């Protein structure tokens, strides 16, 4: 009995040591990625990376940022101050005017049904929260992280230019088989009032929402994808979509043509 206790104690102690070792290694990887981000990315983008606590999700976001190199500034989400400044402007009124026109057209074509739109610009903090909790990001991040650990670039010194270059080349070139359903925080078109998600409602209940698992049953079998597109085409000249690079029948990009803002807002 004493020998059994000793054996169990040794096994338990070894397990604890392995567990603690894994935690230390993970913490070191996270610190390494934050240090690399500080070297390769603009300060505000590196700050967003630091707000992502899990290494796999952090690495996946860095992949997007590096691939958008040179376009980060024009794509980066507005600050809270910029979001507040957008409210009530001619541009915001023009956007709302087209949303209202699409909603009216849809209600006319589909009696008893309506459209729900959450048109508030999606802040960076909200995008980070969504990224940190999204399952598809977790799966894609885990795949990317595992490949990174095996790539030979997993011990990159943030002070070694050649090592940083190898890391950047590898990460930009890697494509996970499982694609995340979200844009990396800061890169969502929702963060600059350049995209809108439309949901179908009836009597205050959602009939077709933003659930990826219900696209076939709600949007395709229910015919709402084509019905929404008909109304957007008829009444939303500044909208294009739906998004197909990731299948989102509810997502439409918004890009008003020069000179259209004032005309739309006055309707």
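FYI, it's all coordinate maths here, none of it is from the lab. Note that the structure is predicted; figures quoted are calculated from it, not measured. Here the Cβ positions follow ideal geometry from the backbone for every residue, glycine too, while neighbour counts run over all protein chains shown.
Brief remarks follow.
- Between helix 124-133 and the chain: long-axis angle, C-alpha atoms, 0 to 90°, nearest 10: 60 degrees
- Gaussian network model of the chain, springs between alpha carbon atoms under 10 Å - residue of 28, 226, 81 with greatest fluctuation: 81
- Using alpha-carbon coordinates, inclination of helix 161-173 to the longest axis of the chain, degrees: 50 degrees
- Mean separation of Cα contacts under 8 Å, 6 or more apart, over the residue count of the chain: relative contact order %: 24 percent
- Contour minus Cα-Cα distance for residue 220 and residue 81 (0.36 nm per residue): 46.1 nm
- The range 171-243 and the range 92-134: distance between their alpha carbon centers, rounded to Å: 10 Å
- Summary value for the range 72-218: 35 percent relative contact order, contacts being C-alpha pairs under 8 angstrom separated by 6+ residues.
- Helix-only [θ]222 nm of the chain, DSSP H runs n ≥ 4, -39500 (n - 2.57) each, per residue, nearest 500: -17500 deg cm²/dmol
- Cα gyration tensor, the range 65-188 - rounded (a/c under 1.5), prolate or oblate: prolate
- Theoretical FRET efficiency, 1/(1+(r/R0)^6), r = Cβ-Cβ of residue 151 and residue 71, R0 30 Å, to 0.05: 0.75
- Between the helical axis of 135-149 and the longest alpha-carbon principal axis of the chain there is an angle of about 40 degrees.
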